[in-house]
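Q: Got a structure here, written out as structure tokens. Questions coming.
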């Protein structure tokens, strides 16, 4: 059986499209829990009217009495999900009709701890602005991959038992975890298989209110100090994963993967802090350890304050 959990906050502009896409899934959820984090627009009223109109007796709306923030609201939702498989949903997105069926099938057939699919990117008008190339294959992902390329929460489905243990062990309070998809996505491989279904299963909406940090960083609008602060957070995150991995007695290979990720990030931090070309040279020999080459270029841009030049080149040649 399936639970879908969704956090909302001032999502009135797009919430009805997302509710429609969840309600009309070919494999209907057995439970939908929506937690509103003190919206000041019409989000709550729209959800209440929608649930009443469609007589959705298995849907529940919870209103936070105080603003908990995105992370704590999703942690709360994870604790309230009752069924064996839990899907996370974002308020602005649209699911394709086969999403729940496709991911449930993979999760059950592979005995995975977490499964995830791929997403179209759409604009505020619902027009597709990016369609990733997909193979349709199932691809198992290891810890090394997920430390660098964890999926977004809206793409994922988990076994409830995995989420329950993470909550019970209070891993939610470990340093570096400030997004639910980072927490659950990085820890999932410590509990079992992680499988990517390389298939487009939803449409993720990009608009002014939800532009991600990664999108912002590609425009080189951050500062060297913010880059240093970010890498310090990543280091604390990896140290938490390493500690939890040791508690769970993972394989030596997985332990090496965490150690390598930590070493690379520490080296990146040294470069940003010192601006010493020696560290840049060292990173060039480890460029394959980066998530993308763009991340390496970004380190150089922020280290040597080349933001203006980088923006001009992006404008001239594109991304």
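Q: So which residues in segment 240-272 are in contact with a helix residue (DSSP H, G or I) (Cβ under 8 Å, 6 or more places away or on another chain) and either free of Cβ contacts under 8 Å to residues at least 12 places away in the same chain or outside any helix (DSSP H, G or I) (or both), if there are any at all?
A: 246, 248, 250, 270
Q: So residue 12 passes all but one of these: (1) in a loop (DSSP other than H, G, I, E, B); (2) closer than 18 Å to residue 95 by Cβ; (3) in contact with a helix residue (DSSP H, G or I) (Cβ under 6 Å, 6 or more places away or on another chain). Which condition number does it fail?
A: Against the list (1) in a loop (DSSP other than H, G, I, E, B); (2) closer than 18 Å to residue 95 by Cβ; (3) in contact with a helix residue (DSSP H, G or I) (Cβ under 6 Å, 6 or more places away or on another chain), residue 12 comes up short only on (2).
Q: Given the condition within 23 Å of residue 261 (Cβ to Cβ) and crowded, with 17+ Cβ neighbours inside 10 Å, answer yes or no: does some residue in segment 80-100 qualify?
A: no
Q: Take the conditions touching a strand residue (DSSP E or B) at 6+ places or on another chain (Cβ under 6 Å), modelled with pLDDT of 95 or more and assigned by TED's automatic domain parsing to the domain that holds residue 80 and apply them to residue 199. Does it pass?
A: Answer is yes for this residue.
Q: Among what's in segment 108-130 and is surrounded by 12 or more Cβ atoms within 10 Å (Cβ to Cβ) and in a loop (DSSP other than H, G, I, E, B), pick the residue that is nearest to the chain's Cα centre (by Cα).
A: 113
Q: Now, a different point. Given the residues 48, 28, which is the only one that is over 30 Å from residue 169 (Cα atoms) and not in a helix (DSSP H, G or I)?
A: The unique qualifying residue is 28.
Q: Being at positive phi and more than 23 Å from the chain's Cα centre (by Cα) is true for just one of 55, 42, 60. Which residue is that?
A: Being at positive phi and more than 23 Å from the chain's Cα centre (by Cα) holds for just one of 55, 42, 60, which is 55.
Q: Against the conditions (1) in contact with a strand residue (DSSP E or B) (Cβ under 6 Å, 6 or more places away or on another chain); (2) farther than 21 Å from residue 203 by Cβ; (3) in a helix (DSSP H, G or I), where does residue 74 fall short? Just the number, please.
A: That leaves (2) as the condition not met.
Q: Considering every residue within segment 205-214, establish whether at least one is at pLDDT 95 or above, closer than 30 Å to residue 128 by Cα and either part of a strand (DSSP E or B) or assigned by TED's automatic domain parsing to the domain that holds residue 304 (or both).
A: Taking every residue of segment 205-214 in turn, at least one turns out to be at pLDDT 95 or above, closer than 30 Å to residue 128 by Cα and either part of a strand (DSSP E or B) or assigned by TED's automatic domain parsing to the domain that holds residue 304 (or both).
Q: Is it the case that segment 148-159 has a residue that's in a helix (DSSP H, G or I), in contact with a strand residue (DSSP E or B) (Cβ under 7 Å, 6 or more places away or on another chain), under 21 Å from residue 292 (Cα atoms) and in contact (Cβ under 8 Å) with a residue 60 or more places away in the chain?
A: So far as segment 148-159 goes, yes, one or more of its residues are in a helix (DSSP H, G or I), in contact with a strand residue (DSSP E or B) (Cβ under 7 Å, 6 or more places away or on another chain), under 21 Å from residue 292 (Cα atoms) and in contact (Cβ under 8 Å) with a residue 60 or more places away in the chain.
Q: Could you tell me whether any residue of segment 218-231 is assigned to a helix (DSSP H, G or I) and at pLDDT below 90?
A: The answer is yes, given that some residue of segment 218-231 is assigned to a helix (DSSP H, G or I) and at pLDDT below 90.
The values are calculated or read from the model by the stated rules, or taken from the named source; none is laboratory data. For clarity, every value in this text was computed on a predicted model and none was experimentally measured. In this analysis, Cβ positions are derived from the backbone assuming ideal geometry, glycine residues included, and neighbour counts consider all displayed protein chains.
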